[in-house]
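Step one of this worksheet: look at the structure below.
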Amino acid sequence: MLISSLAQARHNVDVITYSPPSDGGKYITLQQSKTLKQFGFNVGLTSDFAKNPLEYQDALNRRRSGIIDNMITHHVTAAFAFTDWWSLGFDFPMVSYMTFYDPSVAPAAVTKQSLKFKMADLRVETKIRFLDIDRYHVGLSLVPFFYFPNGKEQYFLGNGMWSPGATLVFDTDIANRVFLTLNATYRNYANTQWDGNNTDAIIDDTIGIGGGANVRITDDWAVVGEMWAETVAKNAFKKQLQTPWEFLAGVKFTPQAAKGLNLTLAGGRGITNGVGSPDWRAMLGVNFRHERTPPPVKPVEVEAVVEEKIVITQKIHFEFDRAVIRPISYPILNDVANILKQNPQLKKIRIGGHTDWIGPTEYNQKLSERRADSVRQYLVQQGVEPDRLEAVGYGESNPIADNNTTMGRAKNRRVEFTVIQ
């Protein structure tokens, strides 16, 4: 047996490779691109048991003896959305039980120890959504994150580093039943050899990749599977010790009677003998994902005004100071698209964007143009012929109510559909 110098190392390896997303979602550890709706939140508790996540191995990569034999970890997660496209989240991991052999002690003197209730490194992450999967059926997000070195590195529950990184998330859905995600991660570390007796025991910048699937069986039940790996970038996938690789599969239960509640049960194992890859892992998680439910959208009421306009009684909502249509308005525009498709005799429709008078006139003009064009693009995506639609911005030039009152300004911020042919 080799006598390691781990206890004297300035930095140590972190054995916790399992980390659930702070905002819940459709997968187990992988991220989805979809963010919480504005002012929505998620809280969760995930517990997992890992068997033999860190062991000695010989030159043939066969396990010889354990450093950590059994480990139970709990992750308390929380996330809050400031807008429909931006959220902030936390993962607070704690180990409630671990059987541990001190590798710095001579083999003849080593004894089995058990540790309880030790904190691991805190993870803070933020998610920025670029493509809305609900609208385009493909989604794209960036998840920057940061690890704080509050874990006990002598117990392999942290590496004593301030460690930033980011995950790029691409996902898609097929017929709102099969959901697929792909995560690509880069994480920065200070270069360190954490075991003086093993030249492969290197901490350095890593790259990670993961893929997962969620298949909805019923409204309440889904099966989910995923696989992920992390590897030191400069020796990518060349050294098993530097490349933990794992898969998990299980079920998700999202009862419609308790909207927002989500239960996950899954199990799996490590594929390589990398640090943190267990002989097997089992996990149980529960989270509550609360999102503001918009009031039911009434069917669009349409009337012809001297055969010149299509008048809708509902307001088209945009994200604040942007030209991005909020999901609450999708049903309204879907109904407008259906009306246009059912009335081909309406050959040309002008989409007019209007603002109130708050802000510079030139800025309001450009904002109204962008919002009108966003509505046009959405209707085209719903099957309306592009040559039947033109988008025009009027800025603050055509108010229909008093701009000196809050109610009046709300009325002036509008989208109108005018029949011009």
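The values are calculated or read from the model by the stated rules, or taken from the named source; none is laboratory data. Note that this is a predicted model, so its numbers are computed, not measured. When we count neighbours, we look across all protein chains shown, and the Cβ atoms used for this are built from the backbone with ideal geometry, even at glycine.
Structure above, values below:
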{"read-out": "Which listed residue, of Gly139, Gly89, is modelled with pLDDT of 90 or more, at negative phi, in contact with a helix residue (DSSP H, G or I) (Cβ under 8 Å, 6 or more places away or on another chain) and in the same structural domain as Ala282 (by TED's automatic domain parsing)", "value": "Gly139"}
{"read-out": "When residues of the stretch 396-420 are limited to those that are part of a loop (DSSP other than H, G, I, E, B), over 21 Å from Gln342 (Cα atoms) and β-branched (Val, Ile, Thr), the one nearest to the chain's Cα centre (by Cα)", "value": "Thr405"}
{"read-out": "Looking only at the stretch 173-217, and only at residues there that are assigned to a strand (DSSP E or B) and touching a helix residue (DSSP H, G or I) at 6+ places or on another chain (Cβ under 7 Å), the one that is surrounded by the fewest Cβ atoms within 10 Å (Cβ to Cβ)", "value": "Ile207"}
{"read-out": "Residue within the stretch 364-374 that is over 21 Å from Asn403 (Cβ atoms) and either without any contact (Cβ under 8 Å) to a residue 24 or more places away in the chain or in the same structural domain as Thr406 (by TED's automatic domain parsing) (or both) present", "value": "yes"}
{"read-out": "In the stretch 326-376, residue nearest to the chain's Cα centre (by Cα) [restricted to those that are among the charged types (D, E, K, R) and closer than 30 Å to Glu291 by Cβ]", "value": "Arg326"}
{"read-out": "Residue among Lys309, Lys252, Lys259, Lys298 that is out of contact with any Gly (no Cβ under 7 Å at 6 or more places or on another chain), charged (D, E, K, R), at pLDDT 85 or above and under 30 Å from Tyr136 (Cβ atoms)", "value": "Lys252"}
{"read-out": "Residue check for Gly393: closer than 29 Å to Phe82 by Cα, more than 31 Å from the chain's Cα centre (by Cα) and modelled with pLDDT of 85 or more", "value": "yes"}
{"read-out": "Leading residue by the ranking (nearest to Gly270 (Cα to Cα)) among those in the stretch 234-258 that are surrounded by 15 or more Cβ atoms within 10 Å (Cβ to Cβ) and either of a type in the set (A, V, I, L, M) or not assigned by TED's automatic domain parsing to the domain that holds Asn183 (or both)", "value": "Leu248"}
